[in-house]
Amino acid sequence: MLDITEYTKFLIAILAISNPIGIIPVFLTLTADHTISQRVKIGQIVVIATTLILLITLFFGEFVLNVFGISIDSFRVGGGILILLMAISMLNTSHGTIKQNRNTVEQHDSESIAVVPLAMPLLAGPGAIGTVIINASKGSGVIHYSLLVTDIILLGVVLWLIFKIMPLIAKHISSVGINISTRIMGLILAAIAIEFIANGLKGLFPALN
């Protein structure tokens, strides 16, 4: 088991990477032609799919790395760089620039929209998956994994609450508010990414310690 602050940082990291606030305009765009009941169903599927993807990654992600012969320190550096790029993108771009082709969206039913692209890759994308694998490798034991599972479930709860109040959010939140929250999350994410890269480099090059 790690220090409790490590699990708090993990929760903050996956919240920042998943950026549940930032997905609001994407969700509203993809479900523009859906009824309220259909939106509720889609939201439920998104929450379940995102949580399951990250939980599966938690228990089997490191095994996949071993199959491909990738060290966890190399993955820390690579994942940190990826997360840093995501953070820079969040700091410099607006989610309002995300556009979806309406004709393509209409070809998908509610369930497929919920899983792709909402659950993956928008919420449980490479950055979130990489963060889960990296943090899983930091410790072992039932308590360690139980706390990580708790954090992932808490992410699911946050997502559920956001989709629950989505109609209210849609009426009151502005694009400016979304952009501000996205940039704040991007700044937090950049700091976390630098820590990932630093720890990975220390593992690859012990002389840096």
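The values are calculated or read from the model by the stated rules, or taken from the named source; none is laboratory data. What you see is a predicted model; the values in this text were computed from it and never measured. In this analysis, Cβ positions are derived from the backbone assuming ideal geometry, glycine residues included, and neighbour counts consider all displayed protein chains.
General remarks:
- Just one of the listed residues (128, 114) is out of contact with any Lys or Arg (no Cβ under 6 Å at 6 or more places or on another chain), closer than 29 Å to residue 2 by Cα and at pLDDT 80 or above, namely 128.
- Positions within segment 1-18 being at pLDDT below 85 and either crowded, with 20+ Cβ neighbours inside 10 Å or charged (D, E, K, R) (or both), in sequence order: 3
- Output for segment 10-30, where each listed residue is closer than 17 Å to residue 117 by Cα and either of a type in the set (Gly, Ala, Ser) or part of a helix (DSSP H, G or I) (or both): 17, 18, 22, 24, 25, 26, 27, 28, 29, 30
- Between 139, 200, the distinction of being part of a helix (DSSP H, G or I) and touching a residue at least 40 places away in the same chain (Cβ under 8 Å) belongs to 200 only.
- Residues of segment 31-75 that are over 30 Å from residue 138 (Cβ atoms) and assigned to a loop (DSSP other than H, G, I, E, B): 31, 32, 33, 34, 35.
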